[in-house]
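For reference, the structure discussed in these notes is given below.
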Amino acid sequence: MTTPSAVTTSTNLDVSRKALSIARIIDRLPPGNYTIHLKRPENNAERWTVEVSQPVTIIQKRDVFDKAQEERKE
């Protein structure tokens, strides 16, 4: 009987280590909506940059104004 890790290491997935690292980052995130920004430099020797952000829901949005300033405009 083979373990899942043994199967993964013996299978040629044709995926770079950098891409596999990004997949692991994404796989370990809790459920939710995310935005992922990836910077892949032209030089293959340079590191990739991955930024994962989670949108924030705005509960309230209001315009605040000075009542006296509004009265002066009239």
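For the range 41-62, which residues satisfy the criterion of being outside any loop (DSSP other than H, G, I, E, B) and either hydroxyl-bearing (Ser, Thr, Tyr) or over 11 Å from the mean Cα position of the chain (by Cα) (or both)?
Matches in the range 41-62: 49, 53.
Write out, first by first residue and then by second, each pair whose Cβ atoms fall under 7 Å of each other, whose residues are 6+ apart or on separate chains, and whose first residue, in the range 35-64, is surrounded by 10 or more Cβ atoms within 10 Å (Cβ to Cβ) while the second is among the charged types (D, E, K, R).
If the second residue must be among the charged types (D, E, K, R), the pairs left are 48/18; 48/39; 48/40; 49/39.
Does the range 10-26 contain any residue that is polar (S, T, N, Q), at pLDDT 85 or above and surrounded by 10 or more Cβ atoms within 10 Å (Cβ to Cβ)?
Yes; the residues of the range 10-26 include at least one that is polar (S, T, N, Q), at pLDDT 85 or above and surrounded by 10 or more Cβ atoms within 10 Å (Cβ to Cβ).
The values are calculated or read from the model by the stated rules, or taken from the named source; none is laboratory data. Here the structure is a predicted model, which means the values were calculated and not measured. Because the Cβ atoms are built from the backbone with ideal geometry, glycine has one as well, and the counts that use them run over all protein chains shown.
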